[in-house]
Each structure stands twice: as C-alpha cells, then as structure tokens.
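Read the figures in this text as sums done on the coordinates, not as results from a lab. Being a predicted model, the structure only gives us computed values, none of them experimental. Cβ placement follows ideal geometry from the backbone for every residue including glycine, while neighbour counts extend to all protein chains displayed.
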Amino acid sequence: MFKDDYANHCIRCTVHDCKYHSGKENYCSLDCIEVAAHEKNPTSEKCVDCRSFECKHENSML
Ligand code: SF4
C-alpha cells in the first residue's frame, strides 16, 4: 500500500526520482518491493533492479 508520508524502515532507498520514495528520509514508502536481476548470471549489485520503481516525473517534461 502506498502512503505518501510513510517511510518503511525495512527498505532503505536513495532513489528520490521514484514516486514511492518517502521524501524526507532515505526509505521506501511501500510495504514490500520486487527486486530482480536484469542479467542471466548476476555478479554484482549493478545487475539487479527494483522492479517496483515508478518515475515520479512520468507526466512532466524533464
Ligand atoms: S519502489 Fe524501489 S526504487 Fe522506488 S522508493 Fe521503493 S525501493 Fe526505491
């Protein structure tokens, strides 16, 4: 569930461009997220992504 002013202290995140970022603190505001690899054989953190990400700027001109 998405709550605008909520910070889930079990999910640290610094992606401020995500619409689910808590804003005030470096945490996600979702109850749970989906994380997945975008490579067949992941070898480092660069190979995995948060699949729950949604851009908070999607309706604005960047
Ligand atoms: S959905 Fe993923 S990218 Fe977005 S704030 Fe939560 S953890 Fe960060």
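A Förster radius of 22 Å, combined with the Cβ-Cβ distance separating Asn26 from Glu54, puts the computed FRET efficiency at roughly 0.80. Phi angles across the range 21-27 convert, under the Karplus curve 6.51 cos²θ - 1.76 cosθ + 1.60 with θ = phi - 60°, into 3J(HN,Hα) values of 5, 5, x, 6, 10, 7, 9 Hz, Gly and Pro given as x. Under a cut-off of 17 Å between alpha-carbon atoms, report the aspartates and glutamates in cross-link reach of Lys24, not counting same-chain residues fewer than 8 places apart. By straight Cα distance, Lys24 reaches Asp4, Asp5. Rounded to the nearest 0.05, what FRET efficiency is calculated for Glu45 and Lys19 with R0 set to 30 Å and r the Cβ-Cβ distance? Calculated transfer efficiency: 0.85. Using the Karplus relation 6.51 cos²θ - 1.76 cosθ + 1.60 with θ = phi - 60°, the per-residue 3J(HN,Hα) values for the range 37-42 come to 7, 9, 10, 4, 10, x Hz, with x marking Gly and Pro. Quick check: from the Cα gyration tensor, does the chain come out rounded (a/c under 1.5), prolate or oblate? Note, shape of the chain comes out oblate. Based on Cα contacts under 8 Å between residues 6+ apart, the chain shows a relative contact order of 30 percent. Of the peptides 36-43, 22-29, the order by per-residue mean of other Cβ atoms within 10 Å, starting with the highest, comes out as 22-29, 36-43.
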